[in-house]
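What follows is calculated from the coordinates using simple rules that are stated; it is not laboratory data. Just so it is clear, the structure is predicted and the values come from calculations on it, not from any experiment. Ideal geometry is used to build each Cβ from the backbone, glycine not excepted, and the neighbour counts take in all protein chains shown.
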Amino acid sequence: MIPGSFSYHRPASVADAVKLLSDLGEDARPLAGGHSLVPMMKLRLATPAHLIDLHGIATLKGIRRDGNNLVIGAMTTQHELLASEEISQAMPILHEAALLIADPQVRYRGTIGGNVANGDPGNDMPALMLTLGATYRLEGPGGSREVAASDFYQGAYFTTLEPGEILTSVSIPVPAAGHGSAYEKLKRKVGDYATAAAAVILTMASGKVATCSIGLTNVHETPLLAADAAKAVIGTSLDAATLKKAAAAAEAIMAPAADARGPVEYRKHVGGIMVTRALQRAAANAK
Amino acid sequence: MNDLTPTREQREAALEGMGCKRKRVEDIRFTQGKGNYVDDIKLPGMLHGDFVRSPHPHARVKKIDDSEALKVPGVLAVITAETLKTVNLAWMPTLAGDVQMVLADGKVLFQNQEVAFVVATDRYAADDGINKVMVEYEPLAPLVDPFKSMDSDAPVLREDLAGKTTGAHGPRKHHNHIFEWSVGDRELTDAAFKKAEVTIKEMISYHRTHPSPLETCQCVCAFDKIKGELTIYGTFQAPHVIRTVVSLIAKLPEQKIHVISPDIGGGFGNKVGAYPGYICAAVASIVTGKPVKWVEDRIENLTATSFARDYHMTTEIAATKDGKVTGLRVHVLADHGAFDACADPSKWPAGFFNIVTGSYDFPTAHLAVDGVYTNKAPGGVAYRCSFRVTEAAYCIERAMDILAQKLNMDPAELRLKNFIKPEQFPYHSALGWEYDSGDYHTAMRKMMETTSYAALRKEQADKRAAFKRGETREIMGLGVSFFTEIVGAGPSKNCDILGIAMFDSCEIRMHPTGAGIARMGTKSQGQGHETTWAQIIATEIGIPADNIMVEEGNTDTAPYGLGTYGSRSTPVAGAAIAMAARKIKAKAQMIAAYKLEVHEDDLEFDIDGFRVKGLPERYMSMKDICWAAYNSVPPGMEPGLEAVSYYDPPNMTYPFGAYLCVMDIDVDTGVYKVRRFYALDDCGTRINPMIIEGQVHGGLTEAFAIAMGQEIRYDETGNVVTGSFMDFFMPTAVETPHWETDFTVTPSPHHPIGAKGVGESPNVGGVPAFSNAVNDAFSFLGSRHIQMPHDFWRNWKAAKELGAVA
Amino acid sequence: MAKTHVTMKVNGAEVEGLVEPRTLLVHFIRENLQLTGTHIGCETTHCGACTVDIDGMSVKSCTMFAVQAQGSDITTVEGMANADGTLSALQEGFRMMHGLQCGFCTPGMIVRAHRLLKENPSPSEQEIRMGISGNICRCTGYQNIVKAIQYASAKINGVEFREAAE
């Protein structure tokens, strides 16, 4: 399991990286944490002729507040997310989910940008970004643009990133104070992708759900926003019938593949249960 | 005596002999990264070999084009079956009496089969080379389901066996049939079933899995053209056997083959057999005149070198209404994959599966095993168990639970009622074994008391009632398992490998200063032999364990032995060590008698030396005797203090144990939680309790993995779907339960120190405990038997089929 | 492919070498530097046998290229002993608590546990289990590895550790 040969580039700025990517064309791949790409290269399922390592670009790192948003540099690692007080305070769901990604070693290297940008339906952060209403900043030869996370994912490993573009940061609106949240992930063991996972952000008013957003991981070729399921719980106190309705609405949009984690029917079924449990836990921790 | 004279306790403690939790000698180097494993070996000019493997499970190989590969910088040679035919090595014999392709000869028979071997200057160039070898295949229909292997229209897998109606183990009844093995009294057993008041019948499968030690299989072969000598460094659990096999198949004089097993990163049965990688690396070294390294990657390990299990066991028990067993009838369909590369003693095509009567007094039994070929990887190794013993233990322990359920009896009570009684030992089983010793009732009752078994049953009854009332979605299972192992292969009367009796050996050389070196025919892969073997010698001859260096794995220096697997090291080599030490001690006694000027019968051994009976102040330490052995032995005696023992055990040993698993399962997701696991092991005399407990922890963890999800699974087209650590369940510290261990001691009466072996017991006893817990949890919903592995989705599926989930 | 010159600090010493860009860090460490304590177990970033400490992070060196380690400060298992050559608290803990058997996962485990204790000198059992969940051990069942780390934690904090290896 040895990667094929490639040329290594380590640009110091986004502009240089973008230029390299556009000059070198389809034979070039950006390299972030490498924990998806390098194993693919070792299996020779990916054989880029050029690797553009983004670790040399200082501006891609860090977490900063910008008005009501947290802006996270694409090369910020899961470990750094976990260490951030600001994230634990403002959006604890991000902390919770980051801790469920892979294992400690991978989290030291794995980046938020890599996790959201490569379009792997098994990754956890994309559904989180949909649920939180994040936008991605993409920089390319024609300048920069902002794309809503909800518009970014087109299919498995297929996104709206244009040739030559790099995802440089994610911008996440800080959820309302007192919101409740939960990320329920069923996996076989540490290091596994989700059999199914659900993210919930909600606010409660007088014991009833006031606002709600639900995201789903690894139950479709793209991450999903379960809008109908979320709509079904608004105005309710999450009684059993409502939870059942929400789970059913979420299951209706799931289309997982059968794999070693289980058959389609099972993965959809537990997807519904993850939604139910995430709703209940989010409601319980809302203030 | 003054205050400085050590007490007896201090003298004993100074030896760090048997029974002491001696800290391991090996750890000094391992904790500092100074182990020496095969891939750490770097010889001058060393080349690397890597395999081109088949993507197809069954195909004809039409053409192999190596022209582009040979243009890759660093690639020196591409070896194919055609190359190997020139040295008559395209096929190799297996330990089970079959033959196996070294490289694809006209056909491939399983996915990832070895097709060509690329030799290059380094592993990077070799990998580049394998990606440039172009192989043209003509895919053939794959045979995946063993139950269809003997259908009349089943594809012919082994064209090389065309017309052969007899195999190594008797008649073949179909072109995909390997052997039928039948043991026991069929008529008597059939009669017992005819008059039985109660019978049960169930097809119990033990799925295909893989030992997967953390270090894969690897070797470095170095052929010296001038001397005509071949040195092989390899991950071999049985280095002497490898030397003999290489000599026989490569036609090299055995004295010119040097096999060295350095430190080994776990074996679990994976490293017993001979694999194409070894043959190809050796041939490549002979062809190029340079050392050649072959290192398997993890995917290759999981998909090509030996799998374990894949036994499908149709099991019947006859019993009386009040729960006394009267007969056992088992038929096994054994899926061996493309070649029968089972690593069993030669005369035992299904290993010691006839231990399947377990711990119970069956008056009669009959067993038949049919081995078949399929388009899967070859093998059938003993993954942390004596040969096919874990399959047998799983079979009988599930069946006893099924019988208990039918009789509406508690499974622990049913076992107590049918155990072989202490006074029945030595016990002759209906399928031909002589159990050496046991006290099953004591072990079982200790388990039940320590775990408050009755209270757990009460809690379970309450939880079941609550579940039926809809108050909880969690069900609780108690998995009882009581196993009897058969280890220590084995007596020459019934155990050999390729005609070599399965004795083992020890050579001890004491040095003048009271230190020594001991060498054995075994080979540790983590069992801590360097530590424990010295403890046996320390107790036997009174020299501190720290003064004894233990060396294994070099066939030039170690006495011939059959290696380490099947929990045979302590029962066989452990005995050889004690016997060699006793020879040392006997000579030491003669020297002491001469020096103390008494008759040797007037001496008694006292911890660390000899003392004149009745005159305690006349004493000579073993340390001083060692010195005397080199300068003042009695007239006529040869100087020196050395001994060799080759030990042919009179019988196997039969460790046993009582395990309990307490498990909770969420029916909505199938997620389980092992709340408690208690393991009581009786391995006879305990040499190092710390190491025993460590072995039990490790074996239980492997049992947990196997029972709860660890599977080599093929889809219906013959593709392996669990070929990496993502999908092949390898639990981390987070999933692994906490283990409680306990013990009783029933020494083996025929073993010099009474020890029985323990390394594999926890796997053998653990798997049924986990599976019985799952089955017990679901039983009140009406299920009788749920097949392993019990991963989340299968638990959910069971719940759904039983109507517990909408 | 043209080779690249790399320099880095490994176990306190400046080292350099010529590598292809695709050379994995683990191969550079094992083959160029001949520090063979760092092992390769799975090659798919699951088992952690190849774990080294890079600039204060535990990293699986089979999933990083040597060129990416240019200028970094690396500690491998060979750099874990005390300055006077005696076993560190962790190495001693692994031996005292029987936290290893075949020894193949041990270097990665110790290097990982080293960083865990730097970040959290008094971890709970659950934190230890989570903290070493990127490292697979096939022999011990982890129970004594947890104890080994607890032993080291106690020693580092100057607290007596009473538990024996099970």
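Side notes on the structure shown:
- Computed label-point distance, nm, for sites B:Arg473 and A:Ala49 using a 7 Å Cα→Cβ extension: 5.4 nm
- FRET efficiency, 1/(1 + (r/R0)^6) with R0 45 Å, evaluated for C:Ala83 and A:Ser237 via beta carbons: 0.10
- Helix A:14-24 axis versus longest C-alpha principal axis of chain A: approximately 70°, rounded to the nearest ten.
- Distance between the modelled labels on B:Tyr619 and B:Glu138, one decimal in nanometres: 8.4 nm (7 Å Cα→Cβ projection).
- The label-point distance for A:Lys245 and B:Glu551, in a model that sets each label 7 Å from Cα toward Cβ, rounds to 8.0 nm.
- Helix-derived mean residue ellipticity, 222 nm - over the protein assembly as shown, DSSP H n ≥ 4, -39500 (n - 2.57), to 500: -8500 deg cm²/dmol
- Comparing Cα centroids, the stretch B:10-27 and the stretch B:317-377 end up 41 angstrom apart.
- Taking 22 Å as the limit for the C-alpha separation, the pairs B:Lys347/B:Lys421; B:Lys85/B:Lys251; B:Lys194/B:Lys347; B:Lys256/B:Lys293; B:Lys673/B:Lys797; B:Lys23/B:Lys523 exceed it in the case of B:Lys347/B:Lys421; B:Lys194/B:Lys347.
- Ordering B:Asp624, C:Asp55, B:Asp263 from the fewest to the most neighbouring beta carbons within 10 Å gives C:Asp55, B:Asp624, B:Asp263.
- Charge tally in the Cβ shell below 10 Å around B:Ala443, where Lys, Arg are +1 and Asp, Glu are -1, B:Ala443 excluded: -2
- Considering only beta bridges that DSSP places wholly inside the protein assembly as shown, some 80 percent are antiparallel.
- Projecting the Cα atoms of A:Ala49, A:Gly62, A:Thr77 onto the dipole axis of the stretch A:11-103, where Lys and Arg carry +1 and Asp and Glu carry -1 at the beta carbon, places A:Ala49 farthest toward the positive end.
- Averaged over C:69-81, number of beta-carbon atoms from partner chains that fall within 10 Å: 2
- Average beta-carbon neighbours from other chains, 10 Å sphere, peptide C:23-31: 2
- For the stretch B:646-689, the residues whose amide N sits under 19 Å from a probe point set 7 Å from the Cα of B:Glu740 along the beta carbon direction are B:657-665, B:673-682.
- Directionally averaged projected area (convex hull, Cα atoms, the stretch B:302-343), nm²: 4.3 nm²
- Calculated FRET efficiency for the pair B:Lys21/B:Lys173, C-beta based, R₀ 45 Å, to 0.05: 0.25
- Cα centroid of the stretch B:759-778 to Cα centroid of the stretch C:12-57, whole Å: 39 Å
- Shape class of the stretch A:7-56 from the alpha-carbon gyration tensor: oblate, with a/c at 1.5 or above and b/c at least as large as a/b.
- Between the stretch B:210-288 and the stretch B:660-720, the Cα center-to-center distance that results, in Å: 32 Å
- As a rough footprinting exposure proxy, the listed residues B:Glu552, C:Glu31 were ranked by other beta carbons within 10 Å of their own, and the order from fewest upward is C:Glu31, B:Glu552.
- Summing +1 for each Lys or Arg and -1 for each Asp or Glu among the other residues whose beta-carbon sits under 12 angstrom from that of B:Ile584 gives +2.
- Student exercise, the protein assembly as shown dipole from Lys, Arg, Asp, Glu Cβ charges, in Debye to nearest 20: 1400 debye
- Three-way shape label, the stretch B:411-520, alpha-carbon gyration tensor, a/c 1.5: prolate
- Loop-located trypsin sites (Lys or Arg not before Pro) in the stretch B:93-173 (DSSP state other than H, G, I, E, B) with a sparse environment of at most 16 neighbouring Cβ atoms within 10 Å: B:Lys164, B:Lys173.
- Residues B:Val144, B:Val572, B:Val674, C:Val59, arranged from fewest to most other Cβ atoms within 10 angstrom of their Cβ, appear as B:Val144, B:Val674, C:Val59, B:Val572.
- Share antiparallel - DSSP beta bridges, chain A, percent rounded to 5: 85 percent
- Neighbours of B:Thr288, meaning other residues whose beta-carbon lies under 13 angstrom from its beta-carbon, give a summed charge of +2 when Lys and Arg score +1 and Asp and Glu score -1.
- Here's the picture: charge each Lys and Arg Cβ at +1 and each Asp and Glu Cβ at -1 in chain B, and of B:Ser783, B:Ala222, B:Ser569 the one pushed furthest to the positive end of that dipole is B:Ser783.
- Cβ-derived FRET efficiency at R0 25 Å, B:Asp190 paired with B:His428, nearest 0.05: 0.75
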